[in-house]
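First the structure, in the form of structure tokens, and then the observations on it.
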Ligand code: 13P
Ligand code: ZN
């Protein structure tokens, strides 16, 4: 094959570059958003996901020297300079991601200044990343300090978790304790508990900073009367955390208005946590 001709080289590069629409990380975003929509966690444009990608893997699909446009983020993410994320777009509906990922998702890299996002793919209609990028990237920074394996931050509006916000005290010890009581596996799945923030204005750096502060301690953070944030090493872990909280909240909502005659006792939760060897918030139990 001739390589001394520009057209051939171009053709050859195209052949070598894999099709982004077949990338596993794009598929994971499509599948997860569809699942979350199906579960009723993401009405309209509700919810957002950010997923940190491996640069080498992305380079198999995209020319990383080609920046489509730059978008200011409005906050400092110096600790994430050079890191690449696939992120849902602002105002985009989770139900539409599956059929049109290039419009509803974007792949961004945090630029050298720490305050600019370089768009490498997506947001095809000229739009940009979620309005909750501060909460996402600040949470990534907080979680990476606790666990260098953390890759995913997920936000959504699960129905029962949200309903529970209106009838249960928004106190993280009491809120966590009630959830732990609702399903035997809760204390094993989220032994670190659930952080709780009061109602705050969303889409701001302030709520981002408050979320990240909670993320130093918790992988789950409830935004009072709004929704929930989860963080984890992969999509399954993060989804599973929120799914387990939502299941517990559902049991709570199905039973809260009826007399309770049985419960999982604090001593039993302790036995569970010890048997499964998880480091749990003992101060959230009343022993
Ligand atoms: P975005 O459409 O900007 O992602 O916002 C949705 C949302 O859930 C706000 O909290
Ligand atoms: Zn929201």
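In the stretch 156-235, counting only helices (runs of 4 or more DSSP H) that sit wholly within it, the ones holding 3 or more residues that are within 16 Å of ligand 2 (Cβ to nearest atom) and more than 26 Å from residue 262 (Cβ to Cβ) span 205-215. With respect to residue 199, is the statement that it is touching a strand residue (DSSP E or B) at 6+ places or on another chain (Cβ under 6 Å), modelled with pLDDT of 95 or more and within 28 Å of residue 73 (Cα to Cα) true? Considered against the rule, which asks whether it is touching a strand residue (DSSP E or B) at 6+ places or on another chain (Cβ under 6 Å), modelled with pLDDT of 95 or more and within 28 Å of residue 73 (Cα to Cα), residue 199 comes out as no.
Can you name every residue in the stretch 33-59 that is more than 26 Å from residue 81 (Cβ to Cβ) and either touching a strand residue (DSSP E or B) at 6+ places or on another chain (Cβ under 6 Å) or buried (at least 22 other Cβ atoms within 10 Å of the Cβ) (or both)? Lay out the reasoning, then the answer.
Of the stretch 33-59, the ones more than 26 Å from residue 81 (Cβ to Cβ) are 33-47.
Result: 33, 36, 41, 42, 47.
Number of residues in the stretch 272-287 that are within 14 Å of residue 188 (Cα to Cα), in a loop (DSSP other than H, G, I, E, B) and in contact (Cβ under 8 Å) with a residue 40 or more places away in the chain: the value is 6.
Filtering the stretch 272-287 down to residues that are more than 29 Å from residue 39 (Cβ to Cβ) and touching a helix residue (DSSP H, G or I) at 6+ places or on another chain (Cβ under 6 Å), which residue is surrounded by the most Cβ atoms within 10 Å (Cβ to Cβ)? Step by step, filter the stretch 272-287, then rank; the result is 285.
What residue, of 224, 208, 230, is in contact with a strand residue (DSSP E or B) (Cβ under 9 Å, 6 or more places away or on another chain), crowded, with 20+ Cβ neighbours inside 10 Å and either within 18 Å of residue 46 (Cβ to Cβ) or modelled with pLDDT under 95 (or both)? 230 is the lone residue from the list that is in contact with a strand residue (DSSP E or B) (Cβ under 9 Å, 6 or more places away or on another chain), crowded, with 20+ Cβ neighbours inside 10 Å and either within 18 Å of residue 46 (Cβ to Cβ) or modelled with pLDDT under 95 (or both). For the stretch 103-116, the set of residues classified as buried (at least 17 other Cβ atoms within 10 Å of the Cβ) and outside any strand (DSSP E or B) consists of 103, 104, 111, listed by residue number. Restricting the first member to the stretch 48-66 and to residues that are within 17 Å of residue 22 (Cα to Cα), and the second to residues that are surrounded by 13 or more Cβ atoms within 10 Å (Cβ to Cβ) and at pLDDT below 95, the beta-carbon pairs closer than 8 Å and six or more apart or on different chains are 60/17; 61/17; 62/17; 63/17. Within this structure, residue 189 fails the test of being in contact with a helix residue (DSSP H, G or I) (Cβ under 6 Å, 6 or more places away or on another chain), buried (at least 24 other Cβ atoms within 10 Å of the Cβ) and under 18 Å from residue 239 (Cβ atoms). Just one of the listed residues (253, 269) is over 19 Å from the mean Cα position of the chain (by Cα), part of a helix (DSSP H, G or I) and under 22 Å from residue 37 (Cα atoms), namely 253. Could you go through the stretch 123-131 and let me know if any residue there is surrounded by 15 or more Cβ atoms within 10 Å (Cβ to Cβ), under 20 Å from residue 35 (Cα atoms) and modelled with pLDDT of 95 or more. Yes; the residues of the stretch 123-131 include at least one that is surrounded by 15 or more Cβ atoms within 10 Å (Cβ to Cβ), under 20 Å from residue 35 (Cα atoms) and modelled with pLDDT of 95 or more. Being part of a helix (DSSP H, G or I) and over 12 Å from residue 239 (Cα atoms) is the filter here; which residues of the stretch 35-67 pass it? 37, 38, 55, 56, 57, 58, 59, listed by residue number.
Evaluating residue 149 against the criteria (1) more than 15 Å from ligand 1 (Cβ to nearest atom); (2) over 18 Å from the mean Cα position of the chain (by Cα); (3) part of a loop (DSSP other than H, G, I, E, B) leaves one unmet condition, (2).
Condition (residue is in contact with a strand residue (DSSP E or B) (Cβ under 9 Å, 6 or more places away or on another chain), within 26 Å of residue 29 (Cα to Cα), surrounded by 15 or more Cβ atoms within 10 Å (Cβ to Cβ) and modelled with pLDDT of 95 or more) applied to the stretch 245-266: is it met by at least one residue? Yes, there is a match, as at least one residue in the stretch 245-266 is in contact with a strand residue (DSSP E or B) (Cβ under 9 Å, 6 or more places away or on another chain), within 26 Å of residue 29 (Cα to Cα), surrounded by 15 or more Cβ atoms within 10 Å (Cβ to Cβ) and modelled with pLDDT of 95 or more.
Condition first: outside any strand (DSSP E or B), within 16 Å of ligand 1 (Cβ to nearest atom) and crowded, with 17+ Cβ neighbours inside 10 Å. Now tell me which residues in the stretch 68-87 satisfy that.
Filtering the stretch 68-87 down to residues outside any strand (DSSP E or B) leaves 68, 73-83.
Of the ones still in play, those that are also within 16 Å of ligand 1 (Cβ to nearest atom) are 73-75.
Result: 73, single match.
The values are calculated or read from the model by the stated rules, or taken from the named source; none is laboratory data. Since this is a predicted model, take the numbers as computed values, not measurements. FYI the Cβ positions are ideal-geometry reconstructions off the backbone, even for glycines, and counts take in every protein chain you see.
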